[in-house]
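The values are calculated or read from the model by the stated rules, or taken from the named source; none is laboratory data. All figures in this text were calculated on a predicted structure; none of them were measured in a lab. Methodologically, a virtual Cβ is constructed for each residue, glycine included, from the backbone with ideal geometry; neighbour enumeration extends over all protein chains shown.
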Amino acid sequence: MAKITTENYVAEAKKAIKNQVLQEALADLQHRFGRGTAECYRQLPEGPDLRLRAHDIRMKDIENLDVVLETLVANIRKNGGHVYFAEDGQAAVNYCLEVAHKHKVRRVVKGKSMVSEEIGLNDALVEAGIDVSETDLGEYIIQLAGETPSHIIAPAIHKTRSEIGSLFADKLDIPYDDDPSRLTWAARKALREKFLAADMGTSGCNIACAETGHITTLSNEGNIRMSTTMPRIHVAFMGMERVAARLEDHDILLRLLCRGAAAQNMATYVSYIGGPRSAGEVDGPQEFHLVVLDNGRSRILADEEFREMLCCIRCAACLNVCPVYAKIGGHSYGYAYSGPVGAVVTPLLVGINRAADLCQGETLCGACQDICPVNIDIPRMLLALRTKLAEGDSAWGVTPADRKEKLLFQAWSWMIRNRRLYDAAVKLAATGQRLFAQKDDMIGRLPPPVHGWTKGRDIKPLAAESFISRWKKSL
Amino acid sequence: MNTASQEEFIHKIKIALGKPLAESQRNVDFFKSDMSDETRGILERIKNRTPEERKKLLATLIEAAGPINLKVISCEDINSVTAAIADLVRDKDPEWGAKKSVVAWQHPLIENLNLPEALSPQDVTVFFTDVKETESGNLRQHVIDSYIGITAADFCMADSATMVMRTRPGQARSVSLVPSIHVAVIELNQIIADLKELYALLKWDPQESKEGLTNCMTFISGPSKTADIEATMVHGAHGPRQVHVYVITS
């Protein structure tokens, strides 16, 4: 299974902030990518409000997911494809291994897919003795370096050209070079061999079309087309929610996806794949398998508070505008999904307590919703997660993150409902605060149990006399 | 694979949605089979497009093609396309080997270019992805060895400069992918405005909908590219480094 390191969020974030290379790579991210996407939305003939229509389309798909999915798989089977429903990541991986085994697959080329990161497909294939190559340039760099992607669509965003130059010199046995064009062409050459020799290609699915029975894959590089055209077998993985009912819905969804992901009108390559090559066709895979993955999604679907999250089409626009992501990078989030989308999806998939810091690290500024091509209310769900952490929730198996804090707030709530007690407490605090170190008229450190509040910030001391009492005097 | 797991999977979704397990698919209105007035309007518009309107679409296409590094060249007739391709073959060198060969679709428009004859003075072989080649088992190698791949297209969407290709016998998908240079030849009346028109045609036009999307429909908008190293744009990541579209206007 994929490694989950969400518990290390705080420590990793601290490391990331001190990492000069990462900070330089992410500098001005919000202006570079975020602004481009926002401008693209403005130039849509329908304007940025098209996102609201996309939200309605996605919500309707999700609310009828049973019918939409059954239609999709019936049509794919009609086209000659195989479909497998995987309850969890392990089942999905096992199925892929079974297909690989049956066809004596020795070499696999992988088109970029977040679901495959989620289920840890790479490691499982390698363990089975299969040679696996990532083929998206960024993913390939990450694989050579033995790391994990730090951005959904720009996986190697945290690496500099000189790092990549040294990596290629070492792993591909070529002279050191740090020119992005020549490095890209070196990878092009190395990967061409892989594409042509592979027995199996894997891909994800951006957004399937139920009524025609096709998955779609998008890329600018052409690696996914290579992976799904040249090998004998194609295995595609999709989260069970990544399907739209009708072909015409793809008009709005595709346009917004390309703008959200890369501020472009259309990805260089979009493929609708419905099954294996048909009779008489000269190329394309002889077998096509689609793995539909639940892995915790039906639980999200069952909770109306979080159901909306399944509208997500994983474009990564929210990463590009998030002030938190732009500082701490993708690795801090400890799982395949980073940024605002990760801060909601990851806790729901791996456990809310286990990923407690993710939703608390976000700022609630709302930039993620404004840029979301399907207008998902991420801030609302971040708050909902925080509520669960504060109050506990048996349905999600959440224990309150901090019982002391809860007790404190209960005491506070009791006190503020008692006027006299409150006045007395404020007076006492106003006098008592002199005991604590003050600098520049601010309190820099509070005693336990409230010392956490001054860990990262100073707070203003209370006024000597409360507003209410001054008001009363002035009357 | 086994239907039991599908049934359980779908049941779980129904339970999550709070739907009765026995609910029939018929109750859902998305897959209804009558054409909307909007769609009827779109199909009419495509059918009745005047030559002037088509030229306008071509202009839109050329404008959209610029920023994505797609070269769109309009040609009076098929002979000038043949001449242009012969020039291209002369000017460009192979990326992977020394020998120049070209691979092309078995398609009426492409066959009418008479490329084998036009390229023979340059001693360049033209392979066609026809059934004979497939049966001989050499086709894959020809595609790999060729530095230019020549295809037609079903449609070209002007507003995003996107070619749309479906897969058919004789029209290998690898021809637009594996060679270093992709050349596509289309006729003016294959240009449509946008995705909306495409989907309307594929779903509602009697002829187009009969064929459907086929098992592999590909959109191509320009040459392969990447910006994965320090967000620097580089053309020619894995697919073709150059794409040339010749539009026959007569």
query = For residues in the range A:280-298 being facing chain B (nearest Cβ under 8 Å) and without any contact (Cβ under 8 Å) to a residue 60 or more places away in the chain, which is surrounded by the most Cβ atoms within 10 Å (Cβ to Cβ)?
reply = A:Val282
task = Could you run through the range A:272-295 and say how many residues are under 27 Å from the mean Cα position of the chain (by Cα) and of a type in the set (Gly, Ala, Ser)?
result = 1
key: Selection within the range B:19-40 - modelled with pLDDT under 65, surrounded by 10 or more Cβ atoms within 10 Å (Cβ to Cβ) and of a type outside the set (Asp, Glu)   = B:Gln25, B:Val28
request  = Scan (1) crowded, with 23+ Cβ neighbours inside 10 Å; (2) more than 8 Å from chain A (Cβ to nearest Cβ) for the single condition B:Met233 breaks and write down its number.
outcome  = (1)
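So which helices (runs of 4 or more DSSP H) stay within the range A:264-379 end to end and still have 2 or more residues that are under 29 Å from A:Lys60 (Cα atoms) and among the basic types (Lys, Arg)? Give the steps one after another, and end with the answer.
On the way: elements: A:297-302, A:317-321, A:325-328, A:339-350, A:356-361, A:367-371.
Counting at least 2 such residues, we get A:297-302.
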Some residue of the range A:132-145 being of a type outside the set (A, V, I, L, M), over 24 Å from A:Gly260 (Cα atoms) and part of a helix (DSSP H, G or I) = yes
ask   = So which residues in the range A:1-14 are touching a residue at least 24 places away in the same chain (Cβ under 8 Å) and part of a helix (DSSP H, G or I), if there are any at all?
value = A:Thr6, A:Glu7, A:Asn8, A:Tyr9, A:Val10, A:Glu12, A:Ala13
task = Among residues belonging to the range B:209-230 that are over 21 Å from A:Phe195 (Cα atoms) and out of contact with any Ser or Thr (no Cβ under 7 Å at 6 or more places or on another chain), point out the one that is surrounded by the fewest Cβ atoms within 10 Å (Cβ to Cβ).
result = B:Lys210
inquiry  = Can you say whether A:Val108 is over 15 Å from the mean Cα position of the chain (by Cα), surrounded by 23 or more Cβ atoms within 10 Å (Cβ to Cβ) and either farther than 16 Å from A:Glu221 by Cβ or at pLDDT below 95 (or both), as far as the supplied structure shows?
reply    = yes
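Out of all the residues in the range B:209-234, which are touching a residue at least 12 places away in the same chain (Cβ under 8 Å) and either over 16 Å from A:Asn265 (Cβ atoms) or assigned to a loop (DSSP other than H, G, I, E, B) (or both)? Full working, then the answer.
Step one: of the range B:209-234, the residues touching a residue at least 12 places away in the same chain (Cβ under 8 Å) are B:211, B:213-225.
B:Glu211, B:Leu213, B:Thr214, B:Asn215, B:Cys216, B:Met217, B:Thr218, B:Ser221, B:Gly222, B:Pro223, B:Ser224, listed by residue number.
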query = Is there a residue being facing another protein chain (nearest Cβ under 7 Å) and either in a loop (DSSP other than H, G, I, E, B) or surrounded by fewer than 17 Cβ atoms within 10 Å (Cβ to Cβ) (or both) anywhere in the range A:178-188?
reply = yes
ask   = Taking the range B:158-175 only, how many residues are touching a strand residue (DSSP E or B) at 6+ places or on another chain (Cβ under 8 Å), among the hydroxyl-bearing types (Ser, Thr, Tyr) and within 13 Å of A:Val270 (Cα to Cα)?
value = 1
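State whether one or more residues within the range A:73-95 are hydrophobic (A, V, I, L, M, F, W, C), at pLDDT 95 or above, under 20 Å from the mean Cα position of the chain (by Cα) and crowded, with 19+ Cβ neighbours inside 10 Å.
Yes.
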